[in-house]
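Colleague: Dropping a structure here in structure tokens format, bear with me for questions.
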Amino acid sequence: MRPFVYDHPAQRVIFGVGSLERLPDEVGRLGARRVLVVSTPAERRFADDAARRLGPLAAGMFAEAAMHVPIETARAARRRAAELNVDCCVAIGGGSTIGLGKAIALESPLPIVAVPTTYAGSEMTPIYGLTEGGVKKTGRDRRVLPATVLYDPALTLSLPPQISGPSGMNALAHCVEALYAEDANPLITLVAVEGIRALSRSLPVVVREPENLDARSEAQYGAWLGGTALGAVGMAIHHKLCHTLGGSFNLPHAEVHTVVLPYAAAFNRDAAPEAMRLAAGALDTADAAQGLYDLAVQIGAPTSLKEIGMPRDGLDRAATLATENPYYNPRAIDFSSVRQLLEDAYEGRRPK
């Protein structure tokens, strides 16, 4: 048994169909009296419903959350929170919305109640990200960890298959990288393996049968496990590349994770054999990298950076940015090998 440290802050999680009904009680439990409801423009209907449920507790709304949390959007939301003198933020939506709630909490001592409508997993982590000048910077701060998370699988029923699949692959990426994290520990390894198993089993059903609430519940369960893993340990080359590609080239967040994950797993295959063995077992396949690629194909998700708008002439810059200040990774990182990883991901070749 390798030495380890497990340090995870307390967080309240309510899971189950219909749990959104508990929103007013959970806000009241935090002692809040003036709530800012945050969403993206596309998720405004969820925000309107949340505000209706909150009644007089809802002080206002900010429905302009955007992918990768542009600093300009974060500043506007912070101003709105200050103007309304709110003491709580309800972030209802996907990773962009919850990320904006974190950006507000980073500068304001207010609790977040997160209500995820996708499978991003951000709601379980103290990780925040802000994009400024074409560069996405991330950090960890326990002030941004949501105090309460309400998982209501019914809220994911309207998520179309082409979004559900990549969103779930995003959560799956958290699980895979947790297995070879520098600060991996036995508990999170168990969480990560179960998350891979739940997501790989449920996502094909979610895509094939979008109204299947049992499959939706299992996928959100897997997303919770993925977010828990992401929040408890550090990440590696996969997340570094996704942050670079998303922030610097404005590529869609979940789709970037979907495309890059098989190649990151192949990149670390020999350097982290036990992690890859566990991942392959949870995927019920002989090789983790190939199993992840095949899962993406099965759910109709993109398999190449070219498909999601990455310019070929940006690959050199992406490799440079990703290797300038690299995250820990079990395999040594250098420009040449990362550039090859990106080339393979650009073309969408099945990992060897």
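The values are calculated or read from the model by the stated rules, or taken from the named source; none is laboratory data. The structure presented is a predicted model; accordingly, all values stated were derived computationally and were not measured. Virtual Cβ from ideal backbone geometry, glycine too; neighbours counted across all protein chains shown. Ligands, DNA and RNA are stripped out before the accessible areas are found, and what is left, the full protein with its side chains, is counted by its heavy atoms. Shrake-Rupley method; radii C 1.70, N 1.55, O 1.52, S 1.80 Å.
Colleague: Can you list the helices (runs of 4 or more DSSP H) lying wholly within segment 147-238 that have 2 or more residues being open to solvent by 10 Å² or more (accessible area, probe 1.4 Å) and of a type in the set (Lys, Arg)?
Modeller: 186-208
Colleague: Taking the options VAL37, VAL13, VAL17, VAL5, name whichever one is without any contact (Cβ under 8 Å) to a residue 60 or more places away in the chain and outside any helix (DSSP H, G or I).
Modeller: VAL37
Colleague: Go through segment 18-50 and give me each residue that's open to solvent by less than 20 Å² (accessible area, probe 1.4 Å) and more than 23 Å from HIS68 (Cβ to Cβ).
Modeller: Selection gives SER19, LEU20, LEU23, GLU26, VAL27, ALA32, VAL35, ALA50.
Colleague: Could you tell me whether segment 72-83 includes any residue that is in contact (Cβ under 8 Å) with a residue 24 or more places away in the chain, assigned to a loop (DSSP other than H, G, I, E, B) and either of a type outside the set (A, V, I, L, M, F, W, C) or in contact with a helix residue (DSSP H, G or I) (Cβ under 6 Å, 6 or more places away or on another chain) (or both)?
Modeller: The answer is no; no qualifying residue exists.
Colleague: Can you tell me which residue is nearest to SER202 (Cα to Cα) among those in segment 286-308 that are open to solvent by less than 50 Å² (accessible area, probe 1.4 Å) and not in a helix (DSSP H, G or I)?
Modeller: Only one residue tops the list, namely ILE299.
Colleague: Report every pair of residues separated by at least 6 positions or lying on different chains whose Cβ atoms are under 7 Å apart, first residue within segment 98-127 and of a type in the set (Asp, Glu), second part of a helix (DSSP H, G or I) and crowded, with 24+ Cβ neighbours inside 10 Å.
Modeller: Correct list of pairs: GLU123/ILE98; GLU123/GLY227.
Colleague: The conditions are (1) closer than 30 Å to VAL5 by Cα; (2) surrounded by fewer than 23 Cβ atoms within 10 Å (Cβ to Cβ); (3) not charged (D, E, K, R), and ALA264 fails exactly one of them. Which is it?
Modeller: Of (1) closer than 30 Å to VAL5 by Cα; (2) surrounded by fewer than 23 Cβ atoms within 10 Å (Cβ to Cβ); (3) not charged (D, E, K, R), only one is false for ALA264: (2).
Colleague: Still on this structure, please answer the following. Can you go through LEU283, LEU278 and tell me which one is closer than 23 Å to ALA184 by Cα, open to solvent by 10 Å² or more (accessible area, probe 1.4 Å) and either under 20 Å from the mean Cα position of the chain (by Cα) or modelled with pLDDT under 95 (or both)?
Modeller: So the residue among LEU283, LEU278 that is closer than 23 Å to ALA184 by Cα, open to solvent by 10 Å² or more (accessible area, probe 1.4 Å) and either under 20 Å from the mean Cα position of the chain (by Cα) or modelled with pLDDT under 95 (or both) is LEU283.
Colleague: Quick one: LEU342 ticks every box in (1) aliphatic (A, V, I, L, M); (2) open to solvent by less than 10 Å² (accessible area, probe 1.4 Å); (3) under 20 Å from ASP183 (Cα atoms) except a single one, so which number is it?
Modeller: Of the numbered conditions (1) aliphatic (A, V, I, L, M); (2) open to solvent by less than 10 Å² (accessible area, probe 1.4 Å); (3) under 20 Å from ASP183 (Cα atoms), the odd one out for LEU342 is (3).
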